[in-house]
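Here is the structure we will look at, set down as structure tokens.
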Amino acid sequence: LVEGFTDRKGSAGYNDTLSTQRAAAVASLLTSEFPLVKYLTESRGSGISTKYDDDSKNRRVEIIIYRMHE
């Protein structure tokens, strides 16, 4: 899972779009470098995040790797 986030600046609609674009850009880079990953990758935007007090850290993309069970 590639998940995009934004800071608290701007409207919710703008931040939703921006976070989605951030996640898609990183997912695109991953799948261009590792073609098999495109079948296993989901990207999504999560909009505004207040995880960190420093707003610059809220502008981020996180990659979450889930272990596949057989």
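The values are calculated or read from the model by the stated rules, or taken from the named source; none is laboratory data. Fair warning: this is a prediction, and the values are worked out from it, not measured in the lab. Just so you know, the surface numbers come from the protein's heavy atoms only, side chains and all, with ligands and any DNA or RNA stripped out. Shrake-Rupley method; radii C 1.70, N 1.55, O 1.52, S 1.80 Å.
Just to confirm, what accessible area per residue do you get for the chain at 1.4 Å probe, in whole Å²?
It amounts to 74 Å² per residue over the chain.
Enter the angle in degrees (range 0 to 90, nearest 10) between the Cα long axis of helix 12-33 and the first principal axis of the Cα atoms of the chain, meaning the one along which they spread out most.
Between helix and principal axis, roughly 30 degrees.
For the chain, give the percent of accessible area contributed by carbon and sulfur heavy atoms, probe 1.4 Å, rounded to a whole number.
With neighbouring chains kept in place, the figure for the chain is 55 percent.
Based on the Kirkwood radius over alpha-carbon pairs, what value in µm²/s does the Stokes-Einstein equation return for the translational diffusion coefficient of the chain at 25 °C and 0.890 mPa s?
Translational diffusion coefficient: 196 µm²/s.
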